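Enquirer: Handing you a structure now.
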Amino acid sequence: MQTPKKDSILYPIGMVAKMFGISVATIRLYEEQGLILPQKSDGKHRYYTQGDLNRLACIRKMIEEKGLNLAGIRMVFSAVPCWQIKGCSKKDRDNCPAYMQSDDPCWIAKNKNSVCGDEDCSRCPVYNELEDFSNIKSILSKYWLS
Ligand code: SF4
């Protein structure tokens, strides 16, 4: 298994499904859609941190209260300027499909030529910045003027 994130209690997928009153299949769908990146054991069992649970709660809220669909949430995630957070150079940006070319979150859009191609995105400040994206404007406004 990947080395769990620091201070992480890991919740197995079945327990998480019960906690949220949704099916395991629904959680896997969110993963397939790039909305959540679970920790995986060597046996490919999925585990979720408290940060993942917060993200899942936000996803459910956006769907149930705001009427967003999964594609809409992906678009929200794609708006975060990863290149600013990571301090990517112009050369890095020019070689990265996540930069202005995709309406997918960077952890979906990136490729092997991306400066962070081999990084574990579940540990990245960009991915973790969206743990609670209910006020996306406040997240983005941090980078608009910087
Ligand atoms: S490491 Fe992953 S989450 Fe972080 S900026 Fe790169 S693609 Fe995005």
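The values are calculated or read from the model by the stated rules, or taken from the named source; none is laboratory data. Keep in mind that what you see is a predicted model, and the values were worked out from it rather than measured. Here the Cβ positions follow ideal geometry from the backbone for every residue, glycine too, while neighbour counts run over all protein chains shown. We work out accessible area using only protein heavy atoms, side chains counted, and drop any ligands, DNA or RNA first. Shrake-Rupley method; radii C 1.70, N 1.55, O 1.52, S 1.80 Å.
Enquirer: Residues of segment 97-117 with amide nitrogen under 14 Å from the 7 Å Cα-to-Cβ point of residue 136?
Expert: Output list for this probe position: 103-106.
Enquirer: Within the chain, which is the longest segment that contains none of the trypsin sites (Lys or Arg not before Pro) sitting in a DSSP loop with at most 12 other Cβ atoms within 10 Å?
Expert: On the way: sites that count: 6, 44, 66, 112.
Between exposed loop sites, the widest span is 67-111.
Enquirer: Taking N as the number of residues in the chain, what is its Cα Rg relative to 2.2 N^0.38 Å?
Expert: Cα-based Rg divided by the globular estimate yields 1.05.
Enquirer: What FRET efficiency, computed as 1/(1 + (r/R0)^6) with R0 = 25 Å and r the Cβ-Cβ distance, is obtained for residue 143 and residue 64, rounded to the nearest 0.05?
Expert: So, using R0 = 25 Å, E works out to roughly 0.30.
Enquirer: Using 0.36 nm per residue of separation minus the Cα-Cα distance, give me the extension gain between residue 54 and residue 71 in nm, one decimal.
Expert: 4.2 nm is the gain from fully extending residue 54 to residue 71.
Enquirer: Where only protein heavy atoms count, and the probe is 1.4 Å, what is the accessible area per residue for segment 25-115 in Å²? Show your work: numbers first, answer last.
Expert: Details: 4660 Å² over 91 residues.
Dividing the accessible area of segment 25-115 by its residue count gives 51 Å².
Enquirer: Sticking with this one: State the dimensionless ratio Rg/Rh of segment 61-136 (Rg: radius of gyration of Cα atoms; Rh: Kirkwood radius).
Expert: Reported Rg/Rh, Kirkwood definition of Rh: 0.99.
Enquirer: Below 8 Å between Cα atoms, with a sequence gap of 6+, how large is the relative contact order for segment 11-144 in percent?
Expert: Relative contact order, segment 11-144: 23 percent.
Enquirer: Tell me the net charge near residue 115. Cut-off is 13 Å between Cβ atoms, residue 115 excluded, with +1 for each Lys or Arg and -1 for each Asp or Glu.
Expert: Every neighbour counted, the sum reads +2.
Enquirer: Next question, about the same structure. Per-residue ellipticity at 222 nm for the chain, helices alone: DSSP H runs ≥ 4 residues times -39500 (n - 2.57), over residue total, nearest 500 deg cm²/dmol?
Expert: Taking each H run of at least 4 residues, the total per residue is -12500 deg cm²/dmol.
Enquirer: Then there is this: Given a cut-off of 31 Å, name the pairs among 90/142; 66/112; 18/110 whose C-alpha atoms lie farther apart than that in the structure shown. Kindly include the intermediate steps, with their values, before the conclusion.
Expert: Values: 90/142 20 Å; 66/112 35 Å; 18/110 33 Å.
As for pairs spanning more than 31 Å Cα to Cα, those are 66/112; 18/110.
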